[in-house]
Structures are given as structure tokens and as C-alpha cells.
1. Quick one: is R142 open to solvent by less than 50 Å² (accessible area, probe 1.4 Å) and either assigned to a loop (DSSP other than H, G, I, E, B) or closer than 27 Å to K43 by Cα (or both)?
2. Step by step: first the residues of the range 15-37, then only those that are at pLDDT below 70 and open to solvent by 20 Å² or more (accessible area, probe 1.4 Å), then the one that is farthest from T59 (Cα to Cα). Which residue is that?
3. For the range 38-114, which strands (runs of 3 or more DSSP E) that fit wholly inside it have 3 or more residues that are free of Cβ contacts under 8 Å to residues at least 60 places away in the same chain and open to solvent by 30 Å² or more (accessible area, probe 1.4 Å)?
4. Can you confirm whether W123 is open to solvent by less than 20 Å² (accessible area, probe 1.4 Å) and either more than 20 Å from L151 (Cβ to Cβ) or out of contact with any Cys (no Cβ under 9 Å at 6 or more places or on another chain) (or both)?
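The values are calculated or read from the model by the stated rules, or taken from the named source; none is laboratory data. Because the structure is predicted, anything quoted here is derived from the model rather than measured. Here the Cβ is made from the backbone with ideal geometry for all residues, glycine too, and neighbour counts use every protein chain on show. Side chains included, ligands, DNA and RNA excluded: accessible areas come from the protein's heavy atoms. Shrake-Rupley method; radii C 1.70, N 1.55, O 1.52, S 1.80 Å.
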Amino acid sequence: MRQAPPLAPMGTIEGWSPAPTPTDGWRPRYLQPSAERFVTFTKDGREVGVFIAYYRNQTFDSKLVSSENVLVTSNDKRWMQLTAGERQLRGSGLPPEVLVAELTDRVAQRLRVWQWYWVDGQWTNSPARAKAMTALAQLIGRGDDSAAMVLVTPQLGRPTRPRRPMPVLELSPAGCAGHRGSALQATRSAR
């Protein structure tokens, strides 16, 4: 990791408790972030992992938007990505869409993954837009601080569209992403 600004603490999320280990041993691959953190939260038997990769003073080898930063590598011997797409969200503080993927491993564990980018205090689900936002922030002298936020939750049964709201929705718009946005902003301000 490069010139790690200490990530502001993730803090607590009402009704959710921190758990000791990340969800199912999976973690996304983000190359050379300035700082990163992966914390799992539980509530009523449900589990959601929160991964943040924070970038500052980005270079060719260390940048938020890169084809090398992936949920699962092509040569991963345990995990593979089954689906990828976007999902509409309702709620304030986030873009109306999120990147969503389904992952599975060799023993048929399944994960649902939700992904956003945070650049210059704003959220987007678009890698191209995140890259453009980073360039604009640098151009106007605001620096290139940015982050990826990935939420992951175990799935039961075969991959389908969930019929009831995912626990991650309880965490993301109001509880998690908004709170994490404040923590990311605090990290950015500590230059």
C-alpha cells in the first residue's frame, strides 16, 4: 500500500454488530490502494461485508479505475463470477444505480456483491464516470482522492433476483454508504 492515509474508522451502524472475519473468505482485488479495510457486520443472522479501497496520489500502477481491479481474477482457483449488471436503487445519498454481481465458489457458496465508486465526495456506479470525475477534481485542484466501496452478502439457493429487500439495502443508502461517505470525506480532509 502507498502513502496510506489512515482510513477514518467505519464506526457503528445502528442495529448491526461488527464480526471478526470477512464474509466467506472472499475479497475483491484492488491493486496498490493507499489504504484498504474489510469489515463484516451481522444482524439477526444476516451478514454483510464492507470493503473499501482508498486511493490518493494515483499513478499508472496504483489507481482506482483499472482493468486489474476486479471482483474475481480470471485465474482464481476458488471463486468465479456468475453474473454482472446494474440494479436500480431508491434512496438518498447514492446514485440511482449500483453495480451488482453474483459469485460462486467450488463448494457452491454464493455471494451477492454491490459496488460503487466515491470520487471528490460523490458516488457513481460507472468506472468511466469515476475516471472522468477524478480527472476533473485534479484539474480544479481538489486532488485525486477516491475509493471503491464493495458490499458483499451470502446468498442461499441458486442465483435469482431477490424477492425481498437484501440486507445490504438496509446498510447502503442511509446506514452504510452515507456513513462511509462521511468517513471517506474525513480521510480525504486529513491530507
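1. no
2. Start the filter on the range 15-37 by keeping residues that are at pLDDT below 70, which leaves 21-23.
Subset that is open to solvent by 20 Å² or more (accessible area, probe 1.4 Å): 21-22.
Details: T21: 31, P22: 29 Å.
Checked the range 15-37; the qualifying residue farthest from T59 (Cα to Cα) is T21.
3. 79-88
4. On the way: open to solvent by less than 20 Å² (accessible area, probe 1.4 Å): no; either more than 20 Å from L151 (Cβ to Cβ) or out of contact with any Cys (no Cβ under 9 Å at 6 or more places or on another chain) (or both): yes.
In short, no.
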